[in-house]
Amino acid sequence: MKRSDLEKRTVADLKVLLEAMGLPRSGKKSELIDRIIDSLRLDEQDTGDSDEEAPSEIKESDDDDGFLLLEEEEIESLEIPSEDSSSVIEVKAENDSNEVLEATILEAVIVDSSEAEPRAEARSKPNVSVSLGDSRKSSRAIFLGGLLLVAVLAGGGYWWTWMQDQQTFAVEPARYGDSMEFTMTGGSVQVNGNDMVALLRDNTGSALEKACGDLAITMNGMSSIAYRDAPTSEIGDPTDRDNSGATETRDGYGRLHLAAERSLSYDLLTDLSGRTWTTDGSRCSSSLTWEMNANSVDISVTSWEELTEATTIRSEAIMDFVTPDGDRSMLQNTAFGGTGIAAVDEVLPLFLQPAVPLDLRSTFGSILLEEGSTGTAEGWDYTVEPAQRVNGELLVPIKMEQPSIATCLGHAKLDLLVREGAPWPVEQKVDILIDKARESSDCSWHESAALDFAVPDGQLVITYTIRESTFTAGEHAIVWGDLYNSRPGAGEGIPNTQMQWDGHMPDESTIHAFTVEEAVECLMNSSAGNGVRSALNNDGYLYRMNHANDGVEETWNLSWVDPDSDAGWTLVRSSSTDCTVVNDGTLAPSDAPEYNLNAIPNTLSIAEMQSRMMDTSDFLGATLVLMDGGMLRSDVEFTSRLVVTQDTGLLDFIDDIDEGEVTFTASRSWTDGDSENSFDLIMDAERGRMVGWLQSTTE
C-alpha cells in the first residue's frame, strides 16, 4: 500500500482504523496518515509486505479459536485490486452495474467473557441483558483487527466473505438519509368490548364513529420510513453544526433542541366491519352490524427525536380516511413527548402505533447478535436463531416476546429478519393479544396496577407483516447521546410560579372579563346553588371548570365535590351588569369523582396557561386555529380539570403516577363550507407543558 492509497480514504475511514489500532484519532488528515504508517512501520513508498503478513496473523488467530466481532461503521464502494481475478468475490453494489465488491470499513471488538460487552459510546444505553451460549476469547483481537482493517483497505476481499459466513454482527445506529420502503400484508385488528373499541374510536376522529362493541379491521398497502438529512443551515448555534443532518425543534415548554427528524407514511386499503349503535344512538346494539369495505387510509407521521436523550420530543401526524362513496374525515395531531406517566407510555404504543418498523439500535444497542444469543432488550425477551439466506442475502432471525404482557394480558410477539447495516428489520411479523380477562396469578401487583390504569377492558388482537421493498443508506451516523452546546439546561424555560388552590384553580385572567373568582363570589352571594356553597365552605373544591363565551355573555360551568363525595354542577352566567346562577344539579354516586383534598397539586393560574398557549413562536400550529389578529377567538372554550385517585396508597406501587393531575384544555368547533371542524388542545397545568393538540375535519 502506498501513501496515496491512504490519502484516497476519508478522514472518517482513517479514524476508524486508528481507533481499532488503539491510536489517537485527533489531528489533520496528513497527521492521521503519518500515525498509521509509523505505527505499522510501513514504508511510505511501498507497504506491500504488510498486506502479505496480514493473512498469516489472522490465520494464527483462527488456530487459537479466537473470535472477532466486526462492526460496520462506514460503507463505501471500493475497487478491489487482485493478482488472481478468480479470487475476487463479486457482490452487487448500489449504483454500480459492473457489480464490484462493496467493501466495508470494519472495527474489531473483543469478546472476552461469557457476556458480550457493547463498545463504549456516548449514548444512553437501552436496558439490555445478554447471555451467549458459546463465548470465545482472543488475546490478539485489537492488533489483528487493525491488520484486518488494513487488508480491507488494500483490497483483501476474502476477509469480507469470511465475516459474512460468521453470521454475527452488532446493530448500527441509523444514518441521516436512511430510507426504507416496505409493504404491509395480512394486517388485521380485532377489537371486542366497548371500552377497547372506544380507545380506537376516540383516536381516529370520525372514521370509526359507527363502531361499538366489536370491530374488525383488515389492512394492506405500501409504507415508507426515513431519517431526513437536514442542511446545517437549520442549526442555529454554529458550535453545534458538527451534528450535520440534525435539525431544530421545540419541546412542550417551547425550548429548542437538536433532533433527528424521522418520517413515516402509510398508503393503505382497509375493510371495516362490526357492531354498531341502535337506531336512536342510545346504546350499542347486540344485533345490528355494519361494514364498509375498500376504504382508503393515508397516514403520515413526522417525529423529532432529541439527540441527547434519544427520545421523541415532538410528533405531527395526519390521517386521511376516504370511503368508497367519497366521504372524508381527516385527523391532524401534534404531540410533545408522551403522557408523562411512565406506566402508560410503555403500554400505549402497543395500541396506537403498532405498525412502525422496530428501531434496532434503540432496542439492542451495540450488543452482539449471534446464533443462540438470548437476553432482554427494552423489556422484551429475545432469542437469536440460525441465519438464513433469502434471495442471496444473509438474514438473522430474532424472536421477541414481551414478558409482562405474556404474564398478565395475553401475548405480544415479534418475529424479525435483520440484515447487517440496516437500522430496521427486513421483515417484521407482529402478533399481539391483549385481554385483561386473561390476567393470571403470576402477574405482580405492580404490573397489575399499571395495566389496570392504562389498559381498557376488552380484547385486542393485532397481526400483520411488513417487508422491505427498497433500502437506501445514508452517509453519516446519527450521534445519539451527544451533549450539544445549545441544549436547554435543567429547569430552563419551566415556570416556577405555581400557586396553591383556594377551592379552585386560580384564574387571574385578563383575556376573559368574567373570572372564576368572580363566579364563585356570585355563587356565595346567591340564594341558589346551595350544594356548591356548602362544598366550598367545608373543604370541598371545584374539580372541573369550563368557560364559554357566546359573544354576548360569558358562562362558567363549575363541577364540585365535597368530603362526603357528594358532587354536582352549577352554571353561572355574567352579562355586562350582573351575574346569574342559571342552573345547578347533583350527580349520581356512580358518576361522582373521588374526593382527595391532599392530592391537589399546586398549579399555574389560568392566566399563565393562556399566555403560554398563545405563544406564536412556540406553538404556531395551535395559535393559527385559536387566535385571530393576535386575540383569542370568542368561540374558544377552555377547561381546567382535576383528576385525583382515591387515597388508598394502591398506586404507590406505580412509579410516576401522581395522586392528583390537573389539565388545562382549549377547544373550538366551526364550519368551513361543507366541512365540520373541531380542535382540542391539552396542557399540563402543574408545569405549563404543552401535551399536544388534535384537529378533526369531516366532509
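Here, each number is a calculation from the coordinates, and none is a lab measurement. As the structure is a computational prediction, the values presented were derived from the model and not from experiment. Reconstructed Cβ throughout: ideal geometry from the backbone, glycine too, with neighbour counts over all protein chains shown.
Summary table
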quantity	calculated
Net +/- balance of residues flanking ARG201 in space, Cβ distance below 13 Å, scoring K and R +1, D and E -1	-2
Other-chain or far-sequence residues with amide H under 5 Å of MET627's (modelled H)	ARG633
Counted charge near TYR484, where neighbours are those whose Cβ lies closer than 11 Å (Asp, Glu -1; Lys, Arg +1)	-4
Cα gyration tensor shape of segment 574-617, rounded if a/c is under 1.5, else prolate or oblate by comparing a/b with b/c	oblate
Nonlocal amide H pairs with LEU288, under 5 Å, H built at 1.01 Å	THR276
Percent RCO, i.e. relative contact order, over segment 176-477, from Cα pairs under 8 Å lying at least 6 residues apart	20 percent
J(HN,Hα) series, segment 411-417, from Karplus relation 6.51 cos²θ - 1.76 cosθ + 1.60, nearest Hz, glycine and proline x	7, 9, 10, 10, 10, 10, 10
Shape call, segment 176-477: gyration tensor on alpha carbons, a/c limit 1.5	prolate
Calculated from backbone phi, Karplus (6.51, -1.76, 1.60) coupling profile of segment 498-511 in Hz, x at Gly/Pro	5, 10, 6, 7, 10, x, 6, 5, x, 9, 6, 7, 10, 6
Long-range amide H partners of HIS476 with built H, under 5 Å	TYR176
From phi via Karplus (6.51, -1.76, 1.60), per-residue ³J(HN,Hα) for segment 325-336 in Hz, x at Gly/Pro	7, x, 5, 10, 9, 10, 10, 10, 10, 10, 10, 10
Global form of segment 516-698, assessed from the alpha-carbon gyration tensor, a/c cut-off 1.5	oblate
Centroid-to-centroid separation of segment 482-548 and segment 357-383 [C-alpha atoms, Å]	47 Å
